[in-house]
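Here is the structure we will look at, set down as structure tokens.
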Amino acid sequence: MTKSSLDNNPLLEVWTGPFGAPPFERIEAGHFRPAFEVALKEAREEIDRVAANPDPPSFANTIEALERSGRSRDKVSRVFFNLAGAATNDELQAIEREMAPVLSRHRSETYLNDALFARIDALKADEHKLGLSAEQTRVLARYHLDFTRAGAGLSPETKARLAAISERLATLGAQFGQNVLADEKAWLLLLEKDDLDGLPDFFIASAARIAADSGHAGKYAVTLSRSSIEPFLQFSARRDLRERAFRAWAARGQSGGAADNRGIAAEMVRLRAERARLMGYESYAHYRLADMMAKTPRAALDLLESVWTPGVLSARKEQEALQGIIASEGAKFKVAPWDWRYFAEKRRKAEFDFDEGEIKPYLQLGRLIEAAFYVADRLFGLRFTERFDLKLYHPDVRAWTVTGRSGEPVALFLGDYFARPSKRSGAWASSFRGQQKLDGSQLPIVVNVMNFAKGGEGEASLLSFDDARTLFHEFGHGLHGMLSDVTYPLIAGTSVAGDFVEFPSQIYENWLEQPEMLRRFALHYKTGEPMPEALLSKLLNARRFNQGFATVEYAASALVDLGLHLDPSPGDVDVLAFERQELARIGMPEAVAMRHRTPHFQHIFSGGYSAAYYSYLWSEILDADGFEAFEESGDIFDPAVAKRLHDFVYAAGDSRDYEAAYKAFRGRAPSPQALFRKRGLEAGGR
Ligand SMILES: [Zn+2]
């Protein structure tokens, strides 16, 4: 490392700009390697000093000292990972690959440091004698749990076994995903010109391209990637071809060849159960849910079971409607899984149809940003003032100073809205600086990153309704970061459990869907006219379409996920037999298939959702039930309800037990009834 790369390295300086924003205009890719090296060395020394402190452990010399450690590391990492996501290049990508194992080693060194854990463990044992505040108790508990779950305090043999299990699971998980991909690649349905009945032009064009790319010019190809198979099942009028395609899609990961995932899934379930046992948990599901809002598998099962019956009842009604369409066409067959999407599309056209192209002219990005800010003002008294004095990491990025009711600064908000090649796909909220008050108040710098299409020169950027919903969703996460009001960095903002973190983002989407909001902000980009009422109600009604089907295909997958991970010591489980039993037990309607069958259920075998696939629905229950608190008050901006939402949710970070926080906001525990109403499910009549 050359001396100059350290001397003039802006990443290692104290940032004195507004809100301590990074000096983006001076940061170059070449600064990261040396900065990481210095910052990680510093963090290691700080942590070692805490562990080696000769004084008996106290909250201040252990937990607060840990909370103060690694500041340079966090500063450098935040800038690095934000740029790696939103403004990357070959050099940053190379550093990313290089740093991933280094950072993960740094983390495990910290969490497997026995001397450090001994101090935390001693504090935990004495916690009632320490005179801790509620927030401090929560911080201590979380350190203790994080260390315990990393394997701290276990015998060297157990630690070694856990490390071997983790490594094997990582290998199997990667293999699982690759096998699904291999099965998807290996299958191709080639169509001739007279097999194209019902398929729309956009599908035919892309099917022709896929066929040509695979050496079958002049034909049309369907593949098993979701973007090909789903529209095929939705539009193809050929029942025989739909059945063939559907069967292949449903059988991914169980082809019997080298890419068969059944053995891998069984081994992963076994290893996870062993890990949970070694850590002292009853089952892997118990281990996994211990730090979630649900806390226990029973709570998650209760949720899924409460939704199951209304979901099935609605799916049966939907099935009758589809059966009616089939009869009206003079056919006699019973709806099968490969028919559902096709006839549902016909029904959608007949009953809920609107053209996305009619909506778009009313959804201007600028107006919708205003709308998101307007809600934040009405609910929480926030004002957003755009500023043009900051040099950010890309010319498209905008910045706003956020102030509160008495004009006090709250946060710096960055909006990075447009797609570009240097940005990864998707949408997310992140931060360049977290909120904390450990040594004086540190205000957050929060960023929302989207991939919207940029309008032409001087033209408005127009969004789809899904895009607009994404904007509100990520802004909800952003507010969770901006409004954070805690002392300790560990528990600030969005650092909460996986089944709680989507609550502040999803509940925010509700305000976008209010007629009074759309009337005010959905204005035609040329005429300034509000969206016609008929279009508005079509748009809002469409969200109840086909929700029985959606609920059942999802809940079945979530129940199988929990079931597989509840077995305390699974032997060589036959995952398909297990699936069959479970579906029979819950009474799965024959016409609906699981959204993800076990041999290709990537969320739970190669994603982060093992035993936690339920959490999407969990958050949705909170958001539907939570928003009804406003509706019940008769004012979607009711100040008293908004204050509770602020105090117990948006400002609270992880400083409170989630269930207690929710009850403090809502006045009672969450109930799924609101979700039934929102999705229009059978048991949900008002
Ligand atoms: Zn989210």
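Every number in this text was worked out from the coordinates using simple rules, so none of it is lab data. Since we're looking at a predicted model, the values are computed, not measured. Please note: Cβ atoms are built from the backbone with ideal geometry, for glycine as well, and neighbour counts cover all protein chains shown.
So the values come out like this:
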{"quantity": "Debye intensity ratio in log₁₀ form over the Cα atoms of the range 11-132, taken at each q of 0.11 Å⁻¹", "calculated": "-0.48"}
{"quantity": "Total charge dipole magnitude, the range 154-207, about the Cα centre, Cβ charges on Lys, Arg, Asp, Glu only, Debye to nearest 20", "calculated": "660 debye"}
{"quantity": "Potential lengthening between GLU305 and ALA290 on full extension [0.36 nm per residue; Cα-Cα distance subtracted]", "calculated": "3.4 nm"}
{"quantity": "Taking only Cα atoms of the chain, radius of gyration then Dmax in Å", "calculated": "26.6, 85"}
{"quantity": "Magnitude of the charge dipole, the chain, Cβ model with Lys/Arg +1 and Asp/Glu -1, debye to 20", "calculated": "460 debye"}
{"quantity": "Where Rh is the Kirkwood radius over Cα pairs, Rg/Rh for the range 261-342", "calculated": "1.25"}
{"quantity": "Ranked by how many other beta carbons lie within 10 Å on average, peptides 13-26, 611-624 from highest", "calculated": "611-624, 13-26"}
{"quantity": "Computed lengthening from LEU540 to GLU274, 0.36 nm per intervening residue step minus Cα-Cα distance", "calculated": "91.0 nm"}
{"quantity": "Cβ-placed point charges (K, R +1; D, E -1), dipole of the range 559-598 about Cα centre in debye, nearest 20", "calculated": "160 debye"}
{"quantity": "Furthest towards positive pole of dipole, ALA624, SER655, PRO670, structure part the range 605-686, Cβ charges", "calculated": "PRO670"}
{"quantity": "Helix-only [θ]222 nm of the chain, DSSP H runs n ≥ 4, -39500 (n - 2.57) each, per residue, nearest 500", "calculated": "-17500 deg cm²/dmol"}
{"quantity": "Segments 429-440, 551-562 sorted - mean Cβ within 10 Å per residue, highest first", "calculated": "551-562, 429-440"}
{"quantity": "Listed residue pairs exceeding 21 Å between alpha carbons, taken from LYS295/LYS437; LYS360/LYS538; LYS41/LYS159; LYS360/LYS454", "calculated": "LYS295/LYS437; LYS41/LYS159"}
{"quantity": "Candidate aspartates and glutamates for bridging to LYS391, where Cα separation is under 20 Å - those fewer than 8 sequence places away on the same chain excluded", "calculated": "GLU13, GLU25, GLU28, ASP416"}
{"quantity": "Between 0 and 90°, nearest 10: helix 575-586 axis offset from the chain longest Cα axis", "calculated": "70 degrees"}
{"quantity": "Separation of the ASP377 and GLN442 label points, Cα + 7 Å toward Cβ, nm", "calculated": "3.1 nm"}
{"quantity": "Cut-off under 5 Å, modelled amide H: who pairs with ALA411 long-range", "calculated": "VAL402"}
{"quantity": "Separation between Cα centres of the range 15-53 and the range 638-686, rounded to whole Å", "calculated": "39 Å"}
{"quantity": "0 to 90° range, to nearest 10: angle between helix 503-512 axis and the chain longest Cα axis", "calculated": "50 degrees"}
{"quantity": "Cross-link partners of LYS332 among aspartates and glutamates (Cα-Cα below 18 Å; sequence separation of 8 or more within a chain)", "calculated": "ASP240, GLU243, GLU318, GLU320, GLU590"}
{"quantity": "Protection-proxy order for peptides 409-420, 195-206, each taking the mean of Cβ atoms within 10 Å per residue, highest first", "calculated": "409-420, 195-206"}
{"quantity": "Square roots of five times the Cα gyration tensor eigenvalues for the range 358-436, Å", "calculated": "23, 19, 12"}
{"quantity": "Cα convex hull of the range 109-240 - mean projected area over all directions, nm²", "calculated": "14.4 nm²"}
{"quantity": "Spherically averaged projected area in nm², based on the convex hull that wraps the Cα atoms of the range 388-512", "calculated": "9.4 nm²"}
